[in-house]
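What follows is a single structure, and I will ask about it in a moment.
The values are calculated or read from the model by the stated rules, or taken from the named source; none is laboratory data. Since we're looking at a predicted model, the values are computed, not measured. Quick reminder, even Gly has a Cβ in these numbers, built from the backbone with ideal geometry, and neighbours come from all protein chains shown. The area values use the complete protein model at the heavy-atom level, side chains included, leaving out ligands, DNA and RNA. Shrake-Rupley method; radii C 1.70, N 1.55, O 1.52, S 1.80 Å.
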Amino acid sequence: MGLREKLEELRQQGIQEINKTEDLNKVNDIRVKMLGKKGPLTAVLRGMKDLSKEERPKVGKFANEIRDELTKAIEDKKAELTAARLNEKLAEETIDVTLPGKPTVQGQPHVIQQIIDQLVDLFVGMGYEVAVGDEVEQEEYNFERLNLPKDHPARDMQDTFYVTPSVLMRTQTSPMQARMMEKHDFSKGPLKMISPGKVYRRDTDDATHSHQFHQVEGLVLGEHITMADLKGTLEVVAKTLFGDQLEVRLRPSYFPFTEPSVEADITCFSCLGKGCAICKHTGWLEVLGAGMVHPNVLKMSGVDPDVYGGFAFGLGPDRFAMIKYGVEDIRDFYQNDVRFLNQFNQKG
Ligand code: PHE
């Protein structure tokens, strides 16, 4: 067989082989086999030295044409298979947007957080600033600066967890009163703030006590702030959270950092004042402590009690939630039983 025929045969064989391949990896093998240094085309070209002078350029040209043709066929095949592979992948990954979606389970704030959020919204709407303090507090701010010196008997009611001899888990959010008033600039207007957060006491847990619970502290200081302002504010709080029909009543009480001090009750939401088991037949529910800030507390934080004064209150969102939803055991809030918690789903 002459070289020409051999080349023709190689061409046909190569094209055929390329055409029938469906595997991208094999295309490369074919290229190496046909066009590589050890391949038949190179062998044929090597035999050219035996050809006559006239034949040599013709056969050479033909051989080059074949090499170009095979190279092109290989490239085309590669492109074709690559495109096919991509299409296959795209088809596999097609998303049917008409299928119904999988519902995602959406969380929601804890019921106590819901109460705190409501209170924060209410007070921010009345121009209060929100100051979140630290749960670990200096004894000085938790007690001394609130008119509770070291030997004060009222400390016994708020025994707590000490981190060091002078640092403790705060027993109340009231330290934020002292922290806020000592840095307030009264030339810019009155101080109006609330401080929501967790507090700790060395309490034995039962249906109405927990060693960890929440408070929202409120403080308003300025000139000419009276107890009438306190009562009005508490009325807004009670009506917003529990309903318009409820009344607020103030009873004399004692807190070391307020003078006079009061305990605030609201009409029992359940019997509306008639008397029932929930309000122990009094018609009232105790909801918070409050009073006019004690002059000693003002003085210790550098505020002149002859010029400025005002009220403070501390309420318990846990207790609010118990009253609002008729929950009888405070411990239910902390057990993270979603069957319990889902009852307070805001989205209904
Ligand atoms: N801090 C008080 C308590 O925990 C509540 C309170 C706050 C009373 C502010 C008066 C004024 O018992």
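Once a ≥ b ≥ c are taken as the square roots of the eigenvalues of the Cα gyration tensor of the stretch 1-140, is the result rounded (a/c under 1.5), prolate (a/b larger than b/c) or oblate (a/b not larger than b/c)? Intermediate results must be reported in sequence, preceding the final value.
Details: a/c = 6.48, a/b = 3.99, b/c = 1.62.
It is prolate, given that a/c is not under 1.5 and a/b is the larger ratio.
Quick one: Karplus J couplings for the stretch 202-207, per residue in order, coefficients 6.51, -1.76, 1.60, θ = phi - 60°, nearest Hz, x for Gly and Pro?
7, 9, 7, 5, 9, 5
At a Förster radius of 25 Å, what calculated FRET efficiency corresponds to the Cβ-Cβ distance of GLU22 and ASP96, to the nearest 0.05? Show your work: numbers first, answer last.
Numbers: r = 28 Å, r/R0 = 1.14.
The calculated FRET efficiency here is 0.30.
Let me ask something else about it. Among 115-124, 156-165, how do they line up from the highest to the lowest mean number of other beta-carbon atoms within 10 Å? Walk me through the numbers on the way to the answer.
On the way: 115-124: 17.4, 156-165: 12.3.
Result, highest mean Cβ count within 10 Å first: 115-124, 156-165.
Just to check I understand the Karplus step: with θ = phi - 60° and J = 6.51 cos²θ - 1.76 cosθ + 1.60, what whole-Hz values come out for the stretch 13-27, glycine and proline as x?
Each residue of the stretch 13-27 in turn: 4, x, 4, 4, 5, 4, 4, 8, 6, 10, 10, 4, 5, 5, 4 Hz.
Here is a follow-up. Pull out a ≥ b ≥ c, the square roots of the eigenvalues of the alpha-carbon gyration tensor of the stretch 103-215, then state rounded if a/c is under 1.5, prolate if not and a/b is larger than b/c, and oblate in the remaining case.
Judged from the Cα gyration tensor, the stretch 103-215 comes out oblate (a/c at least 1.5, b/c at or above a/b).
Continuing with this model, one more query. One-quarter of the Cα convex hull surface for the stretch 244-323, in nm²? Intermediate values should be presented prior to the final figure.
Working: hull surface 25.1 nm².
Taking the Cα atoms of the stretch 244-323, their convex hull projects to 6.3 nm² on average.
Rounded to the nearest 20 debye, what is the charge dipole size of the stretch 69-180 about its Cα centre when +1 sits on each Lys and Arg Cβ and -1 on each Asp and Glu Cβ?
Details: 11 positive and 20 negative charges, 24 e Å.
In debye, rounded to 20, the stretch 69-180 gives about 120.
Give the Rg/Rh ratio for the chain, taking Rg as the radius of gyration of the Cα atoms and Rh as the Kirkwood radius, to two decimals. Before the final figure, lay out the partial values.
Numbers: Rg = 42.4 Å, Rh = 27.0 Å.
That ratio equals 1.57.
Check PHE255: other-chain or 5+ apart residues with amide H under 5 Å from its amide H, H built from backbone geometry?
Here SER261 satisfy the definition.
Hey, for a label at GLN118 modelled as a point 7 Å past Cα toward Cβ, could you say which residues of the stretch 198-222 have their backbone N under 15 Å away?
216
Still on this structure: Quantify, in whole percent, the carbon and sulfur part of the accessible surface of the stretch 146-304 (1.4 Å probe; protein heavy atoms only).
Details: 4020 of 7440 Å².
Reported share for carbon and sulfur atoms: 54 percent.
With every protein chain present, what is the per residue accessible area of the stretch 1-73 (1.4 Å probe, Å²)?
Values: 5050 Å² over 73 residues.
Each residue of the stretch 1-73 exposes 69 Å² on average to a 1.4 Å probe.
Using the Karplus curve 6.51 cos²θ - 1.76 cosθ + 1.60 with θ = phi - 60°, work out ³J(HN,Hα) for each residue of the stretch 305-314 in order, rounded to whole Hz, and write x for Gly and Pro.
x, 7, 10, 10, x, x, 10, 9, 9, x
Now for a separate question. If you keep only loop residues by DSSP, which trypsin sites (Lys or Arg not before Pro) in the stretch 289-348 have at most 15 other Cβ atoms within 10 Å of their Cβ?
Values: sites: LYS299, ARG319, LYS324, ARG331, ARG339, LYS347; in loops: LYS347.
Answer by residue number: LYS347.
Amide H neighbours of GLY273 under 5 Å, counting only residues 5+ apart in sequence or on other chains, H built in-plane at 1.01 Å?
For GLY273, whose amide H was placed from the backbone, the distant partners under 5 Å are CYS268.
Please compare each pair in LYS183/LYS231; LYS6/LYS78; LYS150/LYS231; LYS38/LYS72; LYS6/LYS38 to a cut-off of 24 Å on the Cα-Cα distance and tell me which ones are over it.
Working: LYS183/LYS231 26 Å; LYS6/LYS78 26 Å; LYS150/LYS231 32 Å; LYS38/LYS72 20 Å; LYS6/LYS38 16 Å.
Listed pairs above 24 Å: LYS183/LYS231; LYS6/LYS78; LYS150/LYS231.
Sorted by average packing, counted as other Cβ atoms within 10 angstrom per residue and highest first, what order do 223-235, 246-258, 191-203 take?
Details: 223-235: 15.4, 246-258: 17.4, 191-203: 20.1.
Going by the mean number of other Cβ atoms within 10 Å, highest first, we get 191-203, 246-258, 223-235.
What is the dipole size for the stretch 133-191, taken about its Cα centre, with +1 at each Lys and Arg Cβ and -1 at each Asp and Glu Cβ, in debye to the nearest 20?
On the way: 7 positive and 11 negative charges, 48 e Å.
Once rounded to the nearest 20, the dipole reads 220 debye.
By average Cβ neighbour count within 10 Å, what is the ranking of 135-141, 287-293, 204-210 from highest down? Spell out each step's value before the answer.
On the way: 135-141: 18.1, 287-293: 23.0, 204-210: 12.3.
Going by the mean number of other Cβ atoms within 10 Å, highest first, we get 287-293, 135-141, 204-210.
Given the DSSP H assignment, sum -39500 (n - 2.57) over each helix run of at least 4 residues in the chain and divide by its residue total; what's the result at 222 nm in deg cm²/dmol, nearest 500?
Details: 11 runs with 137 residues, N = 348.
One gets -12500 deg cm²/dmol as the mean residue ellipticity at 222 nm.
With only Lys, Arg, Asp and Glu charged, each at its Cβ (+1 for the first two, -1 for the last two), find how big the charge dipole of the chain is about the Cα centre; round to the nearest 20 debye.
The calculated dipole for the chain is roughly 2320 debye.
At a 1.4 Å probe radius, carbon and sulfur cover how many percent of the accessible area of the stretch 10-140?
53
Something else: For THR160, what residues show an amide H to amide H distance below 5 Å, using hydrogens built from the backbone and excluding near sequence neighbours?
Counting only residues 5 or more places away or on other chains, the set is ARG202.
Over the stretch 211-348, average the accessible area per residue using a 1.4 Å probe and give it in Å², no decimals.
Working: 6600 Å² over 138 residues.
In whole numbers, the stretch 211-348 has 48 Å² accessible per residue.
OK, next. Given a Förster distance of 51 Å, report the FRET efficiency between LEU86 and GLU8 from their Cβ-Cβ distance, rounded to the nearest 0.05. Kindly include the intermediate steps, with their values, before the conclusion.
Numbers: r = 35 Å, r/R0 = 0.70.
Plugging the Cβ-Cβ distance into 1/(1 + (r/R0)^6) gives 0.90.
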